[in-house]
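Take a look at the structure set out below.
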Amino acid sequence: MFRRLTLFLYSPQNTLTLDISIRKKIKHKLIAAFGGVLALSFILAGWGYYSINRILNNQDLSQRIDDISIMVLELRRAEKDFLMRETTNPEFFKTGQSQYLQTINETAEELQKEISLLKEHPATGSMDLEESFEAMGRIIKLYNIKLSEIGETVKEKGYKDWGLEGELRKAIHEVENINFPYDRALMLTLRRHEKDFFLRQELSYRDKFNNDIQEFKAAIRSAENVDSSAVFENQRNAILSNLDNYQDKFNQIVDADLKLGLDEKTGLRGELRAIVHEMEPILAQLEATIRSKTSSIIGNTLLFFLLVFFVQLIAGLFISIRFSNKLTSNIKSINTGIVTLSQGNFPDKLVISSEDELGQTQAATNNLVERIRTAAEFTISIGEGKLDQQYDERYKNDVLAKALLDMHQKLKAADLEDEKRNWATKGLADFGEVIRKNENNLRELSYKVITDLVKFVGANQGKLFVINDEDNNTLGEPHLELYATYAWKRKKHQQQTILKGEGLPGQAWYEQKSIYLKEVPGDYIKIRSGLGEAVPTSVLIVPLVVNETVFGVIELASLKEFADYQITFIEKLAEIIAASLSSVRINEKTKSLLEQAQQQSEEMRAQEEEMRQNMEELSATQEELGRKEKEYLKKIEELEGKLAELAS
């Protein structure tokens, strides 16, 4: 039968009742418990041995699959080496032998052997991996076949003096060496189409080649044989035959390239890529399956271990009942801690003196106190504005912790938004001051704006273009002029003017919208430093627009991506700069008109003074003429008087 001992733990909020049942004939129970514990230990050891064997088998299988992955990588490396090096290696076309193809064949054979062995592996059957290994073997075989086809096609296409390319060169020389009067420009056009196709791998050049060679043949056929010479006709027939051969060889090379694939996604190369993409998920699935199975075995083993341990712990608890005094002291310490905590104070850490439930309760009490203390300290830190404070990782899943962390994240987000707003507000104020100080000098304003903007947003390079829409500009139409740069690599032929719609700045002008590139072409621009040069991570091009009128364009390049709030700031700043440029342009035009008016006024005053002097001189001349006229009249009268006297 049972004897029941009931203990009460008092606190202001609740009463905790702890029941401890003690059976009679403890000695027999202890012997039975010890036997049960011993039996559980044997079961535990057997299960552990079995589980460890399975785990070791799984780990061995996982390691061998990793070896397969490495061999697959070796296949890919040999494949890429073959496509990059052997396609232009004269020795390969001369002998037909390639060390890379040999490596691929040998590695593929090793893979097939290894896959065959893995089918018989002890862990394969337990995880139903036979089909995956079968599929892997088929893919490896198909991969080897496709790569062999690529090798044969590359050999057939040839290089320089070998294969179809060799025959093509021979056909070209035969055309060029015939002594027939044909238009050399047409031949150069064909050669250019041929080279363009080889460089760009675009079928449009094949069409251009075929169209132009037909026109070339038609021109030769229509060439006039002035002397009706048989030699002329023989040369005409020879060059037409050679042109047919030239066209045929070129189209055969195009067909070979089409078979190989004009890019990695088409032709044999595309098929090879698809095969590799089939291989990768199988390997990933194999590894995932093995990891999952291994984790499951480990989990089940741990669960079994914990179960046996728990049973053994219960048996230990029954044995430890005789330590009643110790139990009582433990209960008192727990009671004291809970009462202290219920009164709003943090108790001292309880000393855990046993591994039984009471010991666990003491640990839980300590844990509870520590969690509440951690939450309180975290709350105090947040209240003091320490938003970078980290919550203890051990307690992040608590309900209280989740609520505090959620509040913490919201506060941090709000603080971050404040920082962004303050950053933008300060930036707009600073740039407003820069614009105010330089509003009378467009060049100086452009330089200061692009210099400060690159530094302010953490970019690396910058350009500022201003639209020139004057009627007397050198291009005769509106265009962008490069007014200022920052850290931009100076080139001898750097483009200083851009038409509307030309390039990315011209496109931004045309669309009146920002252009943001995260994938910058390698030949676009380079960012240089003391350590070398690199392609920028991002390029931002923003038109300077106000009232739907574009006044210029800003182009920024950076080794990091621009944040959304930075782009928004730059676009707002662009409106301000556009308004300033509009004002500066109006001021400059007003100043220019004023200077012209002043110059014209001075010229008019000078002309007026000159006219006044001329009038004065004219007036003096008229007076002199009047005086002389009077003198002449007087002399005439005197002569008339004398004549009259003589006559009388």
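Structure shown: which of K146/K265; K455/K526; K195/K526 lie over 20 Å apart, alpha-carbon to alpha-carbon?
Values: K146/K265 14 Å; K455/K526 18 Å; K195/K526 28 Å.
Checking Cα-Cα distances, K195/K526 exceed 20 Å.
Could you sort W47, W509 by accessible area so the largest value comes first, with the probe set to 1.4 Å? Walk me through the numbers before you get to the answer.
Working: W47 90, W509 20 Å².
So, going from the largest accessible area down, we get W47, W509.
In segment 55-110, carbon and sulfur make up what percent of the accessible area (probe 1.4 Å)?
Numbers: 1450 of 3150 Å².
Its accessible area is 46 percent carbon and sulfur atoms.
Mind checking which aspartates and glutamates have their Cα closer than 14 Å to the Cα of K560? Skip sequence neighbours fewer than 8 apart in that chain.
Partners found: E519.
Loop only per DSSP, at most 16 neighbouring Cβ atoms within 10 Å: give me the GluC sites (Glu not before Pro) in segment 521-597, ordered by residue number. Before the final figure, lay out each step's value.
Details: sites: E533, E548, E555, E561, E571, E575, E588, E595; in loops: E548, E561.
Those that pass, being in a loop and sparsely packed, are E548, E561.
Calculated FRET efficiency, K170 and D81, Cβ-Cβ r, R0 35 Å, to nearest 0.05? Don't skip to the end; give the middle numbers.
Details: r = 30 Å, r/R0 = 0.85.
Efficiency, rounded to the nearest 0.05: 0.75.
Lys and Arg at +1, Asp and Glu at -1: add these up for the other residues within a Cβ distance under 13 Å of E610 and post the number. Before the final figure, lay out the partial values.
Values: positive: R605, R612; negative: E602, E603, E608, E609, E616, E617.
Value of the local net charge: -4.
Give me the orientation-averaged projected area of the Cα convex hull of segment 170-226, in nm², one decimal. Show your work: numbers first, answer last.
Numbers: hull surface 16.6 nm².
Its average projected convex-hull area is 4.2 nm².
Starting from the Cα-Cα distance between D128 and E637, subtract it from 0.36 nm times their residue separation and give me the gain in nm to one decimal.
Values: separation 509, 0.36 × 509 = 183.24 nm, distance 15.16 nm.
Additional length available on full extension: 168.1 nm.
Filter the chymotrypsin sites (Phe, Trp or Tyr not before Pro) in segment 516-579 down to the DSSP loop ones having no more than 15 other Cβ atoms within 10 Å, then list what survives.
On the way: sites: Y516, Y524, F551, F562, Y565, F569; in loops: Y524, F562.
Of the chymotrypsin sites (Phe, Trp or Tyr not before Pro), the ones in loops of segment 516-579 whose Cβ has at most 15 other Cβ atoms within 10 Å are Y524.
Ignoring ligands, DNA and RNA, what accessible area per residue does segment 514-648 give at 1.4 Å, in Å²?
70
For segment 153-211, which GluC sites (Glu not before Pro) are in a loop by DSSP, counting at most 15 other Cβ atoms within 10 Å?
On the way: sites: E156, E165, E167, E174, E176, E194, E202; in loops: E202.
In loop regions of segment 153-211 (DSSP not H, G, I, E or B), the sparsely surrounded GluC sites (Glu not before Pro) are E202.
Sticking with the crude label model, points 7 Å out along Cα→Cβ, report the distance from T549 to M604 in nm, one decimal please.
2.8
The values are calculated or read from the model by the stated rules, or taken from the named source; none is laboratory data. In this text the structure is predicted, and so the values were computed from the model without any measurement. Here the Cβ is made from the backbone with ideal geometry for all residues, glycine too, and neighbour counts use every protein chain on show. SASA here: full protein model, heavy atoms, side chains in, ligands and nucleic acids out. Shrake-Rupley method; radii C 1.70, N 1.55, O 1.52, S 1.80 Å.
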